[in-house]
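The values are calculated or read from the model by the stated rules, or taken from the named source; none is laboratory data. In this text the structure is predicted, and so the values were computed from the model without any measurement. Note: ideal-geometry Cβ built from the backbone for every residue, glycine included; neighbour counts use all protein chains shown. Accessible surface is based on the protein model in full, side chains and every heavy atom, while ligands, DNA and RNA are left aside. Shrake-Rupley method; radii C 1.70, N 1.55, O 1.52, S 1.80 Å.
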Amino acid sequence: MDVVSLTEELVAIPSHEDETVAGNFVTAWLREHTDAAVHNDTHGNVIARKGSGEASLALVGHHDVVPPDESQVDDDGGYVIERRESERSADSNRASGSETTRERLYGRGTADMKGCLAAAMLAFADAAPTDGELVFASFAGEERGGEGCQAAIDDGFETDYAVVVEGSTGYSAPGTTDVAVAHKGRRGSTVVAEGEAAHASEVDAGENAIYRATDAVDIVRDLDVPTTEVLGHDLRGSVAVTEIEGGSAWNVVPEHCEATVDERTVPGERAPLERVEDVEGVTLRVDQDLPPMACGDADFADTVLDAAAAAQDATPEHVVKPHATDAGWLAAAGTDCVVVGAAEPGEAHTDDESVSVDVLDRCRRIYDGVVTEWLG
């Protein structure tokens, strides 16, 4: 089976509300096409293993997607999947020497990330590791903050190295599939300001929660954001207040106000958001904390880069991604990760989501190369 056909089968399965059917498909396919030990756990994750040895390498993806646009759903509730030529710039870096096309697959999940999940499944099926264990993992709930990956780690999932098949194409140059050696995390927090209501004609009788919240916002605005370096690449965090809500009526001194803070984190330090609590009546609530990722093994990162270079005529680079992935959870658990995949910036989660057919084929070759070079 080729990567396009398998991608089409995967994409056609709805998996934004319930990933069970998609997970069952992946499980059944692996059992039919490999002799690996395949396990579908109670969290909806699919994990397969083959080979043995001291080192372990995982190909990691996820089979859930974000909710589709109406145009991406057919009359029966299935997902629409189309293969057609596109006006978008196409890959021109195929190493095979064959003539390239501008064909793309369109549909929810093609780029994020059932296309590269299919490539990883095929690479896993064909692999015959002689010097270590090869693991395939497709997690549930990645789009809900990495729920499946976290649950698997809590249940004891571990691997020394991982290639996470999220997007890394188009970072150093259009059409080039790079190797991400780091990505930012995201901490989403809410500044909660409490005051005391009063009639607006008697402002001194109350405590204005909006004033307290804006005092806290001033603190956030003046914070220094952390920076770090990963394998020679600078990584800089950011902090931004993105929403504010408070008050109940035009003539009432507000007793409650909240402000949302979006922080992009880097490995190591965090911005000292807790300083907002120096303002009377203000507390900080952390709503989401997706960890960043940094690869700590330069040899592994270079091996993957060599495999990426062998699969294309362009010259890929080590890059950093701005988006959090399951690689963050794996890295926090001790796995050295890189991210390599077909999706380009701006492709995922859109109503015209698509992925290049040529780049899917390329990623399949990259995964083959990494497994061969790292596990023999």
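Details
- Check on ALA216, open to solvent by less than 60 Å² (accessible area, probe 1.4 Å) and not in a strand (DSSP E or B): yes
- Listed conditions (1) open to solvent by 70 Å² or more (accessible area, probe 1.4 Å); (2) of a type outside the set (Gly, Ala, Ser); (3) in a loop (DSSP other than H, G, I, E, B) are all met by ASP299, apart from (3).
Yes or no, residue by residue, for (1) of a type in the set (Asp, Glu); (2) surrounded by fewer than 17 Cβ atoms within 10 Å (Cβ to Cβ); (3) over 15 Å from SER189 (Cβ atoms):
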{"residue": "ALA205", "(1), (2), (3)": "no, yes, yes"}
{"residue": "ARG212", "(1), (2), (3)": "no, no, yes"}
{"residue": "THR242", "(1), (2), (3)": "no, yes, no"}
{"residue": "ALA259", "(1), (2), (3)": "no, no, no"}
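- Filter pass, ASP75 being at pLDDT below 90 and either basic (Lys, Arg) or in contact with a helix residue (DSSP H, G or I) (Cβ under 9 Å, 6 or more places away or on another chain) (or both): no
- Among the residues making up segment 26-56, a single one is in contact (Cβ under 8 Å) with a residue 24 or more places away in the chain and farther than 26 Å from CYS337 by Cα: HIS33.
- Within segment 223-240, the set of residues being open to solvent by 50 Å² or more (accessible area, probe 1.4 Å) and out of contact with any Cys (no Cβ under 8 Å at 6 or more places or on another chain) comprises ASP224, THR227, GLU229, GLY232, HIS233, ASP234, ARG236.
- Residue match in segment 352-365 (condition: surrounded by fewer than 16 Cβ atoms within 10 Å (Cβ to Cβ), farther than 28 Å from TYR79 by Cα and not small (Gly, Ala, Ser)): no
- Leading residue by the ranking (surrounded by the most Cβ atoms within 10 Å (Cβ to Cβ)) among those in segment 42-68 that are of a type in the set (D, E, K, R) and at pLDDT 95 or above: ASP64
- Test: residue in segment 267-276 that is modelled with pLDDT of 95 or more and open to solvent by 50 Å² or more (accessible area, probe 1.4 Å): yes
- Residue match in segment 135-149 (condition: surrounded by fewer than 24 Cβ atoms within 10 Å (Cβ to Cβ) and among the hydroxyl-bearing types (Ser, Thr, Tyr)): no
- Residues that are open to solvent by 20 Å² or more (accessible area, probe 1.4 Å) and part of a helix (DSSP H, G or I), drawn from segment 6-18: GLU8, GLU9
- Sole residue being modelled with pLDDT of 95 or more, touching a Leu at 6+ places or on another chain (Cβ under 7 Å) and either farther than 19 Å from ASP112 by Cα or not basic (Lys, Arg) (or both), chosen from ALA213, ALA209, ALA162, ALA198: ALA162
- Screening HIS39 on (1) over 19 Å from ALA125 (Cβ atoms); (2) open to solvent by 20 Å² or more (accessible area, probe 1.4 Å) shows it passes everything except condition (1).
- Test result for VAL304, part of a strand (DSSP E or B) and either of a type outside the set (D, E, K, R) or surrounded by 23 or more Cβ atoms within 10 Å (Cβ to Cβ) (or both): no
- THR190 being open to solvent by less than 20 Å² (accessible area, probe 1.4 Å), in a strand (DSSP E or B) and polar (S, T, N, Q): yes
- Residues within segment 320-347 that are open to solvent by 40 Å² or more (accessible area, probe 1.4 Å) and small (Gly, Ala, Ser), tallied: 4
- The set of residues in segment 193-213 that are polar (S, T, N, Q) and either assigned to a strand (DSSP E or B) or within 25 Å of VAL261 (Cβ to Cβ) (or both) contains only ASN208.
- Whichever residue in segment 19-36 is more than 11 Å from ALA140 (Cα to Cα) and in contact with a strand residue (DSSP E or B) (Cβ under 6 Å, 6 or more places away or on another chain) and, among such residues, is most open to solvent (accessible area, probe 1.4 Å): ARG31
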